[in-house]
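Report on the structure given below.
Nothing in this text is a laboratory measurement; each read-out follows from the coordinates by a stated rule. Source: prediction; values computed, not measured. Cβ atoms come from the backbone with ideal geometry, glycine included; neighbour counts cover every protein chain shown.
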Amino acid sequence: MSRHFDIGLETLAGRAVAASVDAGAPARGTFYIETFGCQMNDHDTEKVAGLLLSRGYRQADSPAAASFLLYNTCSIREKAAQKVFSRLGEYREQPDSGRMIGVIGCLAQQEGEDIFARSPWVGLVCGSASYHKLPELLARVEAGERRVTGLESDTDETFETELTRRDNPLRAYLTIIEGCDKACSYCVVPFTRGPERSRTSEAVLEEARQLAGLGYTEIQLLGQTVNSYCDPGPRGLRFSQLLREVAEIPGVRRLRFTTSHPREFTPDIVAAIDAHPAICEHVHLPVQSGSTRVLEEMQRGYTRQEYLEKVAILRAAQREISITTDLIVGFPGESEADFEATLTLMDEVRFDAVFAFKYSPRPNTPSLRMADAIPEEEKSRRLAVLLEKQRQIQTARHETFLGRTFEVLVSGKARQEKQWAGNTSGYRLLNFTSPLPDLLGQYIQVRVTGAGANSLTGEQVI
Ligand code: SAH
Ligand code: SF4
Ligand code: F3S
């Protein structure tokens, strides 16, 4: 069973009450966090910021105004890691700036103390499994200790705090499961985030109720394999049962979840979506490849046919559920026929959106040593072909929505007056016009009047 950290102070998420949090805490330095990577990292940053605020640190508006900088990093692909190293390289010129630099997150966990060798001006390296220790680690840095680390990874603990300082006033992230027990042969996450640990349903439901009480109407449940959720508490809820219970909390108008793994994507999840209008009609279900042979090499644990069966369950739902996916091109040994299989899968499924990546060899992963690397230019070619196909699929799909009306949660305002943007329950971006002055955070009915490859346009139905 997981152990949990309850830091036990009161805050209003995203609207933290400095007075109650800081009372009695000594005044400390100012921090600035830059976040790279996925939503899990975005949310970890919110938790770390809340934790530090509660310990008397203040959050700076810019790196220049901060006494220490934290980089919450990603290492999923080589490019993501390079981005972090180039940011760290900016301090090569100013090693005496007096500012402490800390590297946290997935690259920190992956590279460990090697980060100090590459960037000697870094004072702290800490992986996500050690975040609850961050205040203590920072205190050691402040006391003059150099090269402080928090790098344990084999843990049964989850990072829970009531102090989360949420950035997004509309959508609240809520972690239900951390880590990953899969072993996809290309992926660093099992190393960088450690083994799977689910939070108790009691803790998740309590946090969801608090969020609803604070006025959040949209909640997004997070996990690398969110549907592997397995309640360690006495109620032993399955993922779909947890979904249903969160969806029933008064005030929760939209419930999202990401990322689902196809292997554990079961019909009870679709039944929950059908039964609860608050559960959004969108499932992100990364397939990675349309070739069963490549899927096997990737150790994904399903065949093309099995994936298509999951899609069939989704398509048989009463509600019209959007399906989005991740694809990798140029996995070692991916033949032209394998790549064609990915293209035909796209034709069969007609995904609502696709996130496609060139395969990137990563440290410690089994596929690093696989033969038959695909040349970079060929990966780029395949990526371009795939994206063009998806552009056509999306454009055709979007055209079928012309004239229909969707409810959107308004999340942005365009530069032009009376132009707004929001997402439908199916996570389609809709840019629309309205004569009304202030719509941010509201749920609005919008009729679709135009369709592009990446978004829809429309006008408010009054
Ligand atoms: N847990 C999620 C994905 C997390 S990583 C899942 O299993 O679906 C997000 C995406 O990055 C993956 O779905 C995959 O498409 C991509 N990715 C991961 N490792 C990669 C690598 N080494 N090279 C290229 N893309 C990669
Ligand atoms: Fe990586 Fe696979 Fe785990 Fe997703 S399921 S995080 S791709 S190992
Ligand atoms: Fe990157 Fe770590 Fe997320 S490697 S994608 S930040 S889990």
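Provide the packing ranking of 218-231, 378-391, 158-171, i.e. peptides ordered by the mean count of other C-beta atoms within 10 Å per residue, highest first.
Peptide ranking by packing, descending: 218-231, 158-171, 378-391.
Using the Cβ-Cβ distance between Lys413 and Gln39 with R0 set to 30 Å, the FRET efficiency from 1/(1 + (r/R0)^6) comes to roughly 0.85.
Straightening the chain between Gln318 and Lys79 buys 82.0 nm, computed as 0.36 nm per residue apart minus the Cα-Cα spacing.
Kirkwood radius and radius of gyration were both taken over the C-alpha atoms of the chain, and their ratio Rg/Rh is 0.96.
Under the convention that each Lys and Arg Cβ holds +1 and each Asp and Glu Cβ holds -1, the size of the dipole of segment 405-460 around its Cα centre is about 120 debye. Each 5 Å bin from zero up to the one holding the largest Cα-Cα distance in segment 42-172 carries the following percent of pairs: 2, 10, 20, 24, 22, 15, 5, 2, 0.
Distance from the Cα centroid of segment 48-98 to that of segment 341-398 is 32 Å (rounded to whole angstrom). Here Glu296 and Leu387 are evaluated by their C-beta separation; at R0 = 30 Å the FRET efficiency comes out at 0.75. Put a plus charge on the Cβ of each Lys and Arg, a minus charge on the Cβ of each Asp and Glu, and nothing anywhere else: the dipole of the chain about its Cα centre is then about 760 debye.
Would you compute, from DSSP H runs of 4+ residues alone, the mean residue ellipticity of the chain at 222 nm, taking -39500 (n - 2.57) per run and dividing by the full residue count, rounded to the nearest 500?
Details: 14 runs with 146 residues, N = 462.
Computed mean residue ellipticity for the chain: -9500 deg cm²/dmol.
At a Förster radius of 51 Å, what calculated FRET efficiency corresponds to the Cβ-Cβ distance of Arg235 and Glu376, to the nearest 0.05?
In this case the efficiency is close to 0.50.
If you take all other residues with their beta carbon under 15 Å from the beta carbon of Gly450, and give Lys and Arg +1 and Asp and Glu -1, the sum is +2. Between the listed residues Met370, Leu214, Thr164, the Cα displaced farthest toward the positive end of the dipole of the chain, a dipole computed from Cβ unit charges relative to the Cα centre, is found at Leu214. Among rounded, prolate and oblate, which fits segment 198-242 when a ≥ b ≥ c are the square roots of the eigenvalues of its C-alpha gyration tensor, a/c under 1.5 means rounded, and a/b larger than b/c means prolate? It comes out oblate by the Cα gyration axes. Which of the listed residues, Met346, Gly179, His261, is farthest toward the dipole's positive end in the chain, when Lys, Arg count +1 and Asp, Glu count -1 at the beta-carbon? The residue sitting farthest along the positive end of the dipole is Met346. Each label was represented as a point 7 Å from its Cα along the Cα-to-Cβ direction; for Glu142 and Ser67 these points are 0.7 nm apart. About its Cα centre, segment 170-280 has a charge dipole of approximately 220 debye under the convention of +1 per Lys or Arg Cβ and -1 per Asp or Glu Cβ, with nothing else charged.
Only lysine pairs 8 or more places apart, or on different chains, with alpha-carbon atoms under 20 angstrom apart are counted in the chain, and they number 8.
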